[in-house]
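For reference, the structure is listed below as structure tokens.
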Amino acid sequence: MEALPSSLSNPTSSLQLLLFVDKRPSSTEKLRQILSRLRDLGSAFQFGLQVVDVGEHPDLVEHFKLVATPALVKIHPQPLHTLAGSDLIAQLNRTWTQWQQAAEDERETGAIAPTANANGSAMSSDTSIAHLSEVNQLSDEIFRLNQDKQALQEQLQFKERLIAMLAHDLRNPLTAVSIALETLEFALGRTGDRPSRLTPETTAQLLRHARTQAKALDRMITDALQAARGSTGKLQLQPQKLSISSLCYEVVSDLQNRFASKSQHITIDIPNDLPMVYVDLERIRQVITNLLDNACKYTPDQGTIAVYVLHRTTQKIQVSICDNGPGIPDKDKELIFEDRFRLERDEAKDGYGIGLALCQRIVRAHFGQIWVDSSGQQGSCFHFTLPVYQ
Ligand code: ADP
């Protein structure tokens, strides 16, 4: 960075300019011509000029949004005005009277140029550039801090909402478990020495119901913990060789009561010769459960839900969970996998918008893909791929 010879540069003038230059040899002649023209202009009307090397001050280049050098920026009086390009001198000649007039008007109103300090004495050109640069960095920092603050506030609000919703949602399955246990306790007698008043089928059904509800509780707590940890934490996987077919049947059976409560019809279509997969059992159980849970939640009563598994390539199998519910609009097909995204139409339904984001994290951690197919009112088909055990 260099300044014009002090005899020509007046830091207390109400017209203050910055000339941005680069150090390429090809720019030297251009710079000489511009300085010479500025010297001529300065002999009739004094102004402040500082020459800034763009290599030393990329922050100022960005701040003034410069795209070419040389560039001449009027920083005072406001508004900022930038001249740049190969015909900079011609532009300067056209603009000069206007700049001079603005500076004279400013002087008459008694305003002090920004490069003079409060008691009117001139600062050195170095100090004013350093000052500009510092102000610039501070405003970047303030912008960043504001963004961080906003993100933290959103996170805090989300956690508060999550706690409120959890407190509400956990109550239903908890009540269901308590009722099932109380009924069993009453029927069996507190000491267990009286004969049971329940048929073995009803007893089994009550136990199954209590277990399903306990699992639902567990799932909600797991989802909430995942959400509270945020999506940045790395997923710890414990992969093992297992049959995806058995897992699908198990999850469907666990959710049977939920489908029954909406009179929904569920079908499973899995080929017998499917290879084993190499995945984390509990995580993939969570994915299948979340997708089936959504299918049940968003599909109306008497709807149809189907589970298919395909052996797609030698290395991958594909699990599909389809329903004949309201489907997903094209514009939201990717957004629904983002954290806390819910379709406006579904905001009244229970949920936090974190289930699909979690499914995506789990599937990706297994080097698989997850996506949704949905056309019109035909319902949705969620697909994901998993690695075959080699
Ligand atoms: P949540 O169900 O808790 O809202 P998800 O992340 O599981 O969160 O789903 C995000 C959104 O995607 C849901 O709010 C819903 O609008 C939409 N969605 C998910 N699954 C289905 C489905 N099977 N049919 C229709 N819409 C769905």
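Pairs are defined by a Cβ separation below 7 Å, a sequence spacing of at least 6 or placement on different chains, a first member in the stretch 15-39 that is closer than 23 Å to GLN98 by Cβ, and a second member that is charged (D, E, K, R); the pairs so defined are LEU17/LYS74.
The set of residues in the stretch 300-314 that are in a loop (DSSP other than H, G, I, E, B), in contact with a strand residue (DSSP E or B) (Cβ under 8 Å, 6 or more places away or on another chain) and modelled with pLDDT of 95 or more comprises GLN302, GLY303.
Of the candidates ARG219, ARG144, ARG211, ARG161, the single residue that is of a type in the set (D, E, K, R) and under 30 Å from VAL52 (Cβ atoms) is ARG144. The set of residues from the stretch 317-333 being within 11 Å of VAL372 (Cα to Cα) and touching a strand residue (DSSP E or B) at 6+ places or on another chain (Cβ under 7 Å) comprises SER320, ILE321, CYS322, ILE328, LYS333. Taking the conditions (1) modelled with pLDDT of 85 or more; (2) touching a Pro at 6+ places or on another chain (Cβ under 9 Å) in turn, THR115 satisfies each one other than (1).
Yes or no, residue by residue, for (1) modelled with pLDDT of 80 or more; (2) among the polar types (S, T, N, Q):
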| position | (1), (2) |
| --- | --- |
| ILE179 | yes, no |
| ASP193 | no, no |
| PRO200 | yes, no |
| LEU225 | no, no |
| ARG229 | no, no |
| GLN236 | no, yes |
| SER243 | yes, yes |
| SER246 | yes, yes |
| SER253 | yes, yes |
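Tell me whether the stretch 286-295 contains one or more residues that are at pLDDT 95 or above and in a loop (DSSP other than H, G, I, E, B). Checked against the condition, which is being at pLDDT 95 or above and in a loop (DSSP other than H, G, I, E, B), the stretch 286-295 yields no hits at all.
Within the stretch 370-390, the set of residues being within 13 Å of the ligand (Cβ to nearest atom) and aliphatic (A, V, I, L, M) comprises ILE370, VAL372.
With respect to (1) under 27 Å from HIS209 (Cβ atoms); (2) within 16 Å of the ligand (Cβ to nearest atom); (3) buried (at least 20 other Cβ atoms within 10 Å of the Cβ), the lone exception for CYS248 is condition (2). Each residue in the stretch 353-368 was checked for being part of a loop (DSSP other than H, G, I, E, B) and surrounded by fewer than 20 Cβ atoms within 10 Å (Cβ to Cβ), and 2 pass. Just one residue in the set ILE336, ILE317 is outside any loop (DSSP other than H, G, I, E, B) and in contact with a helix residue (DSSP H, G or I) (Cβ under 6 Å, 6 or more places away or on another chain); that residue is ILE336. Restricting the first member to the stretch 334-347 and to residues that are more than 19 Å from ASP373 (Cα to Cα), and the second to residues that are near the ligand (Cβ under 8 Å from one of its atoms) and outside any loop (DSSP other than H, G, I, E, B), the beta-carbon pairs closer than 7 Å and six or more apart or on different chains are ASP339/ALA357. Being without any contact (Cβ under 8 Å) to a residue 60 or more places away in the chain and over 30 Å from PHE158 (Cβ atoms) is a property that does not hold for TYR278.
Restricting attention to the stretch 369-390, the residues that are at pLDDT 90 or above and part of a loop (DSSP other than H, G, I, E, B) total 4. Filtered by the rule that a residue be more than 16 Å from the ligand (Cβ to nearest atom) and polar (S, T, N, Q), the stretch 278-328 gives THR313, THR314, GLN315, GLN318. Of all the criteria given as (1) within 11 Å of the ligand (Cβ to nearest atom); (2) closer than 27 Å to GLN238 by Cα; (3) in contact (Cβ under 8 Å) with a residue 60 or more places away in the chain, the one not satisfied by ASP350 is (2). Within the stretch 354-369, restricting attention to residues that are within 12 Å of the ligand (Cβ to nearest atom) and of a type in the set (A, V, I, L, M), the residue that is nearest to ILE328 (Cα to Cα) is LEU356. With the structure loaded, tell me whether THR304 is more than 27 Å from PHE158 (Cα to Cα), among the polar types (S, T, N, Q) and surrounded by fewer than 15 Cβ atoms within 10 Å (Cβ to Cβ) or whether it fails that test. No; evaluated as a whole, the condition is false for this residue.
The residue of the stretch 260-277 that is farthest from the ligand (Cβ to nearest atom), among those that are of a type in the set (S, T, N, Q) and under 30 Å from TYR389 (Cβ atoms), is ASN272.
The values are calculated or read from the model by the stated rules, or taken from the named source; none is laboratory data. From a predicted model like this one, the values you see are computed outputs, not experimental measurements. Positions of Cβ are backbone-derived with ideal geometry, glycine not excepted, and every protein chain shown enters the neighbour counts.
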